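**Student:** Please read through the structure below; I'll follow up with questions.
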Amino acid sequence: METGFPAQWSHLFLDSFLKYSANGKTAQNAVVIDIDDASLSAAGQWPWPRYRMASLVQAIADGKPAAIGLDILFSEPDRTSLNNIQKSFKQDFDLDISFVGASPGLSDNDGYFGKILSGTGAVGARYFYFDHISKAEISTKPEFHFTGRTDLLSLNDAPGVLNNTYEISSQLKFSGFLNNQPDSDGMLRRIPLLIQHRGVIYPHLSLATFMRSLGVDSAVIEEDGNGPVIHVGNHSIPINKNGFALLRFNGKPHLYPAISAVDILNGSSHPAADINGKIVFIGSSAAALNDLHSTIFDPQFPGLKSQAVIIENIMADSFIREPSWAETAILLACIATGLLLAALFIFLREPVQLFLGTATLAGIILWVSIYLFQSAGIFISPGPPILATGVLFTLFTATRFVIEKRHAYVWFTKLANARQVIMESMAAVAETRDPETGAHIKRTQHYVKSIAEKLRDTGNYPEILTQEYIDLLFVSAPLHDIGKVGVPDHILLKQGKLTEEEFELMKKHAEYGKNIIYSTAKKIEGDNFLIIAGEIASTHHERWDGTGYPLGLAGHNIPLSGRIMAVADVYDALISRRCYKPPFPHEESVRIMREARGKIFDPVVLDAFFSIEEKIRETASRYRDEGERVLGDL
């Protein structure tokens with residue numbers, strides 16, 4: 001039996017198909033005589049004396065039904081039988097008692113009941129055990145015979161059997177078993193019509209009663225291309241190899257007619273047609289007797305009425321087929337689904353197209369299953385291929401996402417590397433022209449990053465100082481003096497202080513730098529990483545009070561990148577040797593910068609610089625110029 005999540009999906013679809021295809025008509029071929037709560041209240045609680053059951057069976061037989069099936073098993077002797085009362089008094093009290101005037105039927109209720117069952121040709125019940133071996137024996141000459149392709153069957157073999165008392169079973173001419181088996185979720189959808197016991201095949205009570213109604217005692221096992229069938233009269237009953245038939249319900253229990261047993265016993269008027277020519281089952285729907293089953297139409301569907309459901313299925317040839325090739329078809333559908341879905345993911349790129357294509361594929365699978373069910377009564381579960389479609393869609397989507405994310409990461413890495421190469425190449429050009437650069441570029445680059453991180457950590461400029469901005473600031477800083485490549489050598493390489501005219505020419509390096517970087521930036525599409533580099537190159541000599549160059553910007557009109565670079569650049573110029581001055585000690589440099597707070601430098605940026613002095617000194621020491629002790633003498 002199927003279990004697990006795929007089985008639940010199959011049950012979901014099967015139940016939906018059965019529910020929406022139910023005809024809602026009242027059953028015409030079978031009727032149940034119900035020992036219901038009203039009967040128990042009127043005629044006494046269960047178990048009834050066998051003579052009362054005999055009266056009920058005889059009254060039904062007088063109505064000339066096509067056959068009677070007894071959906072009750074009497075495995076214990078009737079304690080109200082006079083013979084049993086005599087035995088009990090003798091055993092318990094060592095008393096011999098006798099009864100005067102009692103009819104012979106009251107002396108042995110079980111024997112009397114067996115005689116009535118035999119005379120009416122009623123079909124009795126038995127129950128097969130699968131968990132232990134019983135001592136009960138069944139006649140070696142079974143009442144019903146099954147021939148033909150029995151090799152197609154792989155029936156459950158029951159080691160034990162529970163029978164009626166010997167006084168009843170020895171007189172019964174016909175019997176059928178009462179076993180039912182719900183699916184893994186507790187729902188009754190299938191009934192075992194055949195069970196094997198000690199090498200002999202036995203029929204379900206419903207099948208035995210149906211065969212009795214036709215006056216036949218044999219059936220032929222055949223194959224019709226969809227699996228084994230039981231051929232009885234003009235009817236072919238489809239079963240699987242284990243002997244189970246899949247039921248089709250008309251609807252709720254009230255669609256299967258029932259007559260209260262007390263009405264039969266009391267001779268209450270009811271149309272003769274209610275019984276005449278019908279297949280009748282006697283049993284109980286009383287809750288106390290616990291013969292209730294969960295079905296798609298009612299969680300307490302009487303087991304008694306399930307007998308009528310089977311008869312209606314047989315007479316209308318309306319059983320649902322689960323063909324022997326169903327598993328192969330489902331497997332092939334899953335494989336085909338996988339291949340088609342893979343093709344969709346190969347040829348379609350848009351997510352909406354993929355979703356619609358997958359939904360269409362699942363819809364086709366469902367439509368084919370519904371078509372087979374409605375046109376041929378064949379159920380091929382769409383659950384596994386639809387489930388496979390959903391799982392594969394999720395898997396392929398996740399795989400594509402991972403692959404594209406990986407491609408994006410590789411592309412981003414290449415782009416970042418290209419950006420770094422561009423920055424370093426442009427910075428290298430500046431280094432070849434300016435003797436004052438060298439390690440200055442490395443130091444200022446790390447100063448800038450440290451100052452920016454401190455500003456961010458103290459809550460300043462949170463909308464600007466994202467991690468991406470700080471990273472770009474770090475790689476852009478080396479280009480702050482790239483404009484010096486445009487300054488003539490006699491000025492750039494001059495030993496000593498520049499004249500006023502020469503200094504004016506030197507100041508043009510800020511404008512040159514901006515032009516060089518922005519001319520390159522125009523050729524790069526999208527989010528341009530050179531924008532910050534251009535800002536630094538053109539504004540790192542601007543002053544907070546507006547006295548800087550080249551544009552004389554003041555305060556927050558100076559880009560944050562330029563303000564940060566100004567602090568880093570001036571500090572490094574102060575502590576480094578230049579052709580026009582010796583290196584200043586750290587303390588002297590800091591003093592000079594502090595005096596320029598609010599004049600040259602943004603106060604907030606300068607304060608951030610002062611708060612990380614030790615880190616700044618470590619950076620200066622680590623990236624000192626070759627042959628220089630930048631801080632050693634400070």
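**Student:** Take residues that are without any contact (Cβ under 8 Å) to a residue 40 or more places away in the chain and tell me which of the strands (runs of 3 or more DSSP E) falling wholly in the stretch 217-311 contain 1 or more. It would help to see each step written out before you state the result.
**Tutor:** On the way: elements: 218-223, 228-232, 235-238, 244-246, 258-260, 279-283.
Qualifying strands (runs of 3 or more DSSP E): 228-232.
**Student:** Let me ask another. Give me the residue from the stretch 159-177 that is aromatic (Phe, Trp, Tyr) and in contact with a helix residue (DSSP H, G or I) (Cβ under 7 Å, 6 or more places away or on another chain) and, out of that set, surrounded by the most Cβ atoms within 10 Å (Cβ to Cβ).
**Tutor:** Across the stretch 159-177, the extreme among qualifying residues is Phe177.
**Student:** I've got another one for you. Looking at this structure, is Ala343 out of contact with any helix residue (DSSP H, G or I) (no Cβ under 8 Å at 6 or more places or on another chain), closer than 30 Å to His235 by Cβ, surrounded by fewer than 15 Cβ atoms within 10 Å (Cβ to Cβ) and not assigned by TED's automatic domain parsing to the domain that holds Lys278?
**Tutor:** When the stated conditions are applied, Ala343 does not pass them.
**Student:** While we're here: Could you tell me whether Leu473 is loosely packed, with under 15 Cβ neighbours inside 10 Å and in contact (Cβ under 8 Å) with a residue 40 or more places away in the chain?
**Tutor:** Numbers: loosely packed, with under 15 Cβ neighbours inside 10 Å: no; in contact (Cβ under 8 Å) with a residue 40 or more places away in the chain: yes.
For Leu473, the condition - loosely packed, with under 15 Cβ neighbours inside 10 Å and in contact (Cβ under 8 Å) with a residue 40 or more places away in the chain - is not met.
**Student:** Now for a separate question. Take Asn180 and tell me if it is surrounded by 20 or more Cβ atoms within 10 Å (Cβ to Cβ), assigned to a loop (DSSP other than H, G, I, E, B) and in the same structural domain as Lys241 (by TED's automatic domain parsing).
**Tutor:** no
**Student:** Inspect all residues belonging to the stretch 493-513 and state whether any of them is part of a helix (DSSP H, G or I), farther than 18 Å from Pro550 by Cα and among the hydrophobic types (A, V, I, L, M, F, W, C).
**Tutor:** no
**Student:** I'd like to know if the stretch 537-548 contains one or more residues that are buried (at least 22 other Cβ atoms within 10 Å of the Cβ) and among the aliphatic types (A, V, I, L, M).
**Tutor:** Yes, some residue in the stretch 537-548 is buried (at least 22 other Cβ atoms within 10 Å of the Cβ) and among the aliphatic types (A, V, I, L, M).
**Student:** Is there a residue being touching a helix residue (DSSP H, G or I) at 6+ places or on another chain (Cβ under 6 Å), in a helix (DSSP H, G or I), more than 12 Å from Met565 (Cβ to Cβ) and modelled with pLDDT of 90 or more anywhere in the stretch 471-478?
**Tutor:** Filtering the stretch 471-478 for residues touching a helix residue (DSSP H, G or I) at 6+ places or on another chain (Cβ under 6 Å) gives 472-478.
Next, from what is left, pick out any that are in a helix (DSSP H, G or I): 472-478.
Narrowing the set further to residues that are more than 12 Å from Met565 (Cβ to Cβ) leaves 472, 475.
Retained after the next criterion (residues that are modelled with pLDDT of 90 or more): none.
No: the stretch 471-478 contains no residue that is touching a helix residue (DSSP H, G or I) at 6+ places or on another chain (Cβ under 6 Å), in a helix (DSSP H, G or I), more than 12 Å from Met565 (Cβ to Cβ) and modelled with pLDDT of 90 or more.
**Student:** Let me ask another. Does Asp34 fit the bill of being more than 19 Å from Pro182 (Cβ to Cβ), surrounded by 18 or more Cβ atoms within 10 Å (Cβ to Cβ) and of a type in the set (D, E, K, R)?
**Tutor:** Judged against the criteria, Asp34 is a match.
**Student:** Within the stretch 561-615, restricting attention to residues that are of a type in the set (A, V, I, L, M, F, W, C) and assigned to a loop (DSSP other than H, G, I, E, B), which residue is farthest from Tyr461 (Cα to Cα)?
**Tutor:** For the stretch 561-615, the residue satisfying everything is Cys579.
**Student:** Hey, any hits in the stretch 193-211 for a residue that's part of a loop (DSSP other than H, G, I, E, B), within 40 Å of the chain's Cα centre (by Cα) and either at pLDDT 95 or above or surrounded by fewer than 22 Cβ atoms within 10 Å (Cβ to Cβ) (or both)?
**Tutor:** Yes; the residues of the stretch 193-211 include at least one that is part of a loop (DSSP other than H, G, I, E, B), within 40 Å of the chain's Cα centre (by Cα) and either at pLDDT 95 or above or surrounded by fewer than 22 Cβ atoms within 10 Å (Cβ to Cβ) (or both).
**Student:** Right, something else. In the stretch 304-325, which residue that is under 34 Å from the mean Cα position of the chain (by Cα) and surrounded by fewer than 19 Cβ atoms within 10 Å (Cβ to Cβ) is modelled with the lowest pLDDT?
**Tutor:** So, considering only residues that are under 34 Å from the mean Cα position of the chain (by Cα) and surrounded by fewer than 19 Cβ atoms within 10 Å (Cβ to Cβ), the one modelled with the lowest pLDDT is Ser324.
**Student:** If I filter the stretch 292-314 for residues that are out of contact with any helix residue (DSSP H, G or I) (no Cβ under 6 Å at 6 or more places or on another chain), more than 29 Å from Gly233 (Cβ to Cβ) and among the small types (Gly, Ala, Ser), do I get at least one hit?
**Tutor:** Taking every residue of the stretch 292-314 in turn, at least one turns out to be out of contact with any helix residue (DSSP H, G or I) (no Cβ under 6 Å at 6 or more places or on another chain), more than 29 Å from Gly233 (Cβ to Cβ) and among the small types (Gly, Ala, Ser).
Here is a yes/no grid of residues against (1) closer than 23 Å to Gly243 by Cβ; (2) assigned by TED's automatic domain parsing to the domain that holds Ile239; (3) of a type in the set (S, T, N, Q):
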{"position": "Asp274", "(1), (2), (3)": "no, yes, no"}
{"position": "Val280", "(1), (2), (3)": "no, yes, no"}
{"position": "Thr295", "(1), (2), (3)": "yes, yes, yes"}
{"position": "Gly303", "(1), (2), (3)": "yes, yes, no"}
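**Student:** Here are some residues: Tyr512, Tyr571. Which one is buried (at least 17 other Cβ atoms within 10 Å of the Cβ), farther than 26 Å from Ile612 by Cα and not polar (S, T, N, Q)?
**Tutor:** Selected residue: Tyr512, the only one of Tyr512, Tyr571 that is buried (at least 17 other Cβ atoms within 10 Å of the Cβ), farther than 26 Å from Ile612 by Cα and not polar (S, T, N, Q).
**Student:** I need the full set of residues from the stretch 306-347 which are over 18 Å from Ser21 (Cβ atoms) and among the charged types (D, E, K, R), in order please.
**Tutor:** Of everything in the stretch 306-347, just one residue is over 18 Å from Ser21 (Cβ atoms) and among the charged types (D, E, K, R), namely Glu327.
**Student:** From His509, His541, grab the single residue that is in contact with a Lys or Arg (Cβ under 8 Å, 6 or more places away or on another chain), more than 14 Å from Leu473 (Cα to Cα) and at pLDDT below 90.
**Tutor:** Result of the check over His509, His541: His509.
**Student:** Among the helices (runs of 4 or more DSSP H) contained in the stretch 2-69, which hold 1 or more residues that are within 30 Å of Val391 (Cα to Cα)?
**Tutor:** 4-21
The values are calculated or read from the model by the stated rules, or taken from the named source; none is laboratory data. In this text, all values refer to a predicted model and were calculated from it rather than measured experimentally. A quick note on method: Cβ atoms are made from the backbone with ideal geometry, for glycine too, and the neighbour counts reach across all protein chains shown.
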